[in-house]
Amino acid sequence: MIGLLARRNLTLRPWRSALLLAGFGLGVGVMIVLLAIGEALLTQARDERLIGGGDVTVLPAGIDVEVMKTGGVGGLFFSINNARFLDLQVLSNPRNAGDVRAVAPQIADKVVYLRTADGREHVVRATAEIPSRSSAVGAVPPLAGGRWDDDAFDRRWHTPTPAELRADIDQFHLPPRDVENRESWAEWHYFNVLSDDRRRWAFLSFIVGGDVPDGRWGGQVLLTLHEEGRAARRFSATFPAESIAFSTWNADLRVGNGTVRVAQDGRYLIRARARAEQGNAEAVVDLSVSPSPGAYFPGASLASGGFTSGYAVAGLRADVDGTICVAGRCERYAGAQAYHDHNWGVWRGVTWEWGASRAGSYTFVYGRVQPPDGIGGDAPLFFYLVDSLGLRTLFRPARIDYVDDRVINVGGGRVRVPSRASFSAVKGDDTLRVELVIEDAAATDTREPEVERGEMLAGRALPRPYFVQMKGRARLMGRVGGTPIGGEGYGFFETYR
């Protein structure tokens, strides 16, 4: 009966029947194509050679996943900046141990350029991974023979010793070939130390500056001792290039008779001598700075045309032991609060906002670099928070608000400087508010040769020429991941007026 009805319908309504058959065929064809695409996507999702194995694949923000899968030209240049830091501080952090079983960093078909001894350049595709990590996520193909194990470089990548970690984030740099204002290049180790009663503190810088390494350059050790209610005392020693030794592979530095050396356990061993800039007193520094595990910022660099500026914090939260002696009288430290960072770049016309403080069990650093061309000048600050497990969160406050109702004398003039400051931020359900109460402030005129950060940073032609350094209390409030955060502590802050 069904066959008879079909034949009668085809006979009586041939064009309508043909149209219905064509539509049905088209529908079936579309369904076959969709099923084929779905099968292909499922096959790709199961292919460890495409996604690296495991259950979750981390890719750069904004990437077109289909471009990565199909190998388009745009997929050749994607990478994740600071991937090692992402592994150490986020994915492999003990905080996430309940959710993350294993992490496998991989580079697949990365375009690199190989230059041979005869000067020829070759385009090469490179693939790399760590054997033990790839095995842990099930991404290692069966070996036909031999062994494939981690070597020393693999081990250093995923489990660096404290000394290796310091070397990797705190080494020195050479100016880029195309950098402008090479004579304004400066790079330095910076340490600050706070006494137990929080009434005395020291800023110590080991600075290399000038047209490094082939032009005119040199170095300086600069120590500034502060005490509430009293004028600061400056001690400095300047040395020529032949008295300086730095490394692009580790954090060790020698500037004349001053040295910064990293011990195997990750401590910074600091030795220095400098003469008072007013008077003949000599300061002798003998300190051991011990950064807390996980309390570091791995570094970031801002570049725009011929401008570059970099910053890393190897000791965001640290303790210090040792002495700073002046004319035989010594300030002794035993587990006192300390901090260490590292800066590099060209500094003509450059200013910054910066601060670092403890806040109970938390420690934070915030900042923003303002290049001379204004790029980044209106950019939000970064706010970086750590606790005992390492990185806790990152915020981008839009601005910092100062209350400039303190007046200090600078070079015979009067300058208004902050007495309070605050900033806040919201990120999804997370919130942040930080309030600063300034207990002491000092300013230097950057147009003069005796600049607080060193002679190499003088003469920068700044629209706001007064460099203001402050000591004070910080109060942290907010909520991260549904958990309240908060605390109070002491720190140091910098701005320009």
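Scan the range 72-128 residue by residue and report those that are basic (Lys, Arg), at pLDDT 80 or above and more than 30 Å from Pro293 (Cα to Cα). Before the answer, list the steps.
Keep residues of the range 72-128 that are basic (Lys, Arg), which gives 84, 95, 101, 110, 115, 120, 125.
Still in the list and also at pLDDT 80 or above: 84, 95, 101, 115, 120, 125.
Scanning the range 72-128 gives Arg115, Arg120, Arg125.
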Out of (1) at pLDDT below 95; (2) among the aliphatic types (A, V, I, L, M); (3) farther than 24 Å from Leu204 by Cα, the one Ala442 does not meet is (3)
Across the range 175-195, what is the number of residues that are at negative phi, of a type outside the set (Val, Ile, Thr) and modelled with pLDDT under 95?
10
Odd one out for Ser357 among (1) under 21 Å from Leu391 (Cβ atoms); (2) not assigned by TED's automatic domain parsing to the domain that holds Glu488:
(2)
Please indicate, with yes or no, whether at least one residue in the range 406-421 is among the hydrophobic types (A, V, I, L, M, F, W, C), at pLDDT below 95 and touching a Pro at 6+ places or on another chain (Cβ under 9 Å).
no
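Take the residues in the range 287-316 that are of a type in the set (A, V, I, L, M, F, W, C) and farther than 21 Å from Ser205 by Cβ, then tell me which one is modelled with the highest pLDDT.
Phe307
Please go through the range 464-497 and pick out each residue that is closer than 19 Å to Tyr190 by Cα and either surrounded by fewer than 20 Cβ atoms within 10 Å (Cβ to Cβ) or of a type outside the set (Val, Ile, Thr) (or both).
Residues of the range 464-497 closer than 19 Å to Tyr190 by Cα: 467-472, 490-496.
Once the filter is applied, which keeps residues that are closer than 19 Å to Tyr190 by Cα and either surrounded by fewer than 20 Cβ atoms within 10 Å (Cβ to Cβ) or of a type outside the set (Val, Ile, Thr) (or both), the range 464-497 yields Phe467, Gln469, Met470, Lys471, Gly472, Tyr490, Gly491, Phe492, Phe493, Glu494, Tyr496.
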Going through Arg329, Arg358 one at a time, which residue ends up being over 30 Å from Tyr402 (Cβ atoms), out of contact with any Asp or Glu (no Cβ under 7 Å at 6 or more places or on another chain) and surrounded by fewer than 23 Cβ atoms within 10 Å (Cβ to Cβ)?
Arg329
If I ask for residues that are charged (D, E, K, R) and either more than 30 Å from Ala186 (Cβ to Cβ) or in contact with a Cys (Cβ under 6 Å, 6 or more places away or on another chain) (or both), which ones from the range 135-172 would you list?
Arg147, Asp149, Asp150, Asp151, Asp154, Arg155
So is Gly138 surrounded by fewer than 17 Cβ atoms within 10 Å (Cβ to Cβ) and under 22 Å from Thr57 (Cβ atoms) or not?
yes
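Listed residues Gly210, Gly266, Gly294; which is at positive phi, surrounded by 14 or more Cβ atoms within 10 Å (Cβ to Cβ) and in contact with an Asp or Glu (Cβ under 7 Å, 6 or more places away or on another chain)? Explain how you work it out, then say what you get.
Values: Gly266 fails: in contact with an Asp or Glu (Cβ under 7 Å, 6 or more places away or on another chain); Gly294 fails: in contact with an Asp or Glu (Cβ under 7 Å, 6 or more places away or on another chain).
Answer to the check: Gly210.
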Test of understanding: among Asp154, Asp150, Asp109, which residue is surrounded by fewer than 16 Cβ atoms within 10 Å (Cβ to Cβ) and either charged (D, E, K, R) or in contact with a strand residue (DSSP E or B) (Cβ under 6 Å, 6 or more places away or on another chain) (or both)?
Asp109
When you scan the range 257-270, do you find a residue that is more than 29 Å from Arg358 (Cβ to Cβ) and in a strand (DSSP E or B), even just one?
no
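Does the range 230-248 hold any residues that are in contact with a strand residue (DSSP E or B) (Cβ under 8 Å, 6 or more places away or on another chain) and touching a residue at least 24 places away in the same chain (Cβ under 8 Å), and which are they? Break it down into steps so the answer makes sense when it comes.
Here is the first cut: in the range 230-248, the residues in contact with a strand residue (DSSP E or B) (Cβ under 8 Å, 6 or more places away or on another chain) are 232-241, 243-247.
Answer for the range 230-248, where residues must be in contact with a strand residue (DSSP E or B) (Cβ under 8 Å, 6 or more places away or on another chain) and touching a residue at least 24 places away in the same chain (Cβ under 8 Å): Ala232, Arg233, Arg234, Phe235, Ser236, Ala237, Thr238, Ala241, Ser243, Ile244, Phe246, Ser247.
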With the requirement that a residue be more than 25 Å from the chain's Cα centre (by Cα) and either surrounded by fewer than 17 Cβ atoms within 10 Å (Cβ to Cβ) or not assigned by TED's automatic domain parsing to the domain that holds Val212 (or both), what does the range 246-263 give you?
Asn257
I'd like to know if the range 149-157 contains one or more residues that are touching a residue at least 40 places away in the same chain (Cβ under 8 Å) and either closer than 30 Å to Leu462 by Cα or under 18 Å from the mean Cα position of the chain (by Cα) (or both).
yes
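Give, as residue ranges, the strands (runs of 3 or more DSSP E) completely inside the range 276-356 that count at least 1 residues that are over 16 Å from the mean Cα position of the chain (by Cα), farther than 26 Å from Asn181 by Cβ and in contact (Cβ under 8 Å) with a residue 60 or more places away in the chain. Don't jump to the end; show me each part of the working.
Numbers: elements: 282-291, 297-304, 307-326, 329-346.
In the range 276-356, the matching strands (runs of 3 or more DSSP E) lie at 282-291, 307-326, 329-346.
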I want to confirm something. Restricting to the range 169-214 and keeping residues that are touching a residue at least 40 places away in the same chain (Cβ under 8 Å) and charged (D, E, K, R), which single residue is farthest from Arg230 (Cα to Cα)?
Asp178
Taking Asn250 and the conditions (1) in contact with a Lys or Arg (Cβ under 7 Å, 6 or more places away or on another chain); (2) closer than 23 Å to Glu164 by Cβ, which numbered condition does it fall short on, given that it satisfies the others?
(1)
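The values are calculated or read from the model by the stated rules, or taken from the named source; none is laboratory data. Values in this document were obtained by computation on a predicted structure and should not be read as measured data. Positions of Cβ are generated from backbone atoms using ideal geometry, with glycine treated the same way; all protein chains shown enter the neighbour counts.
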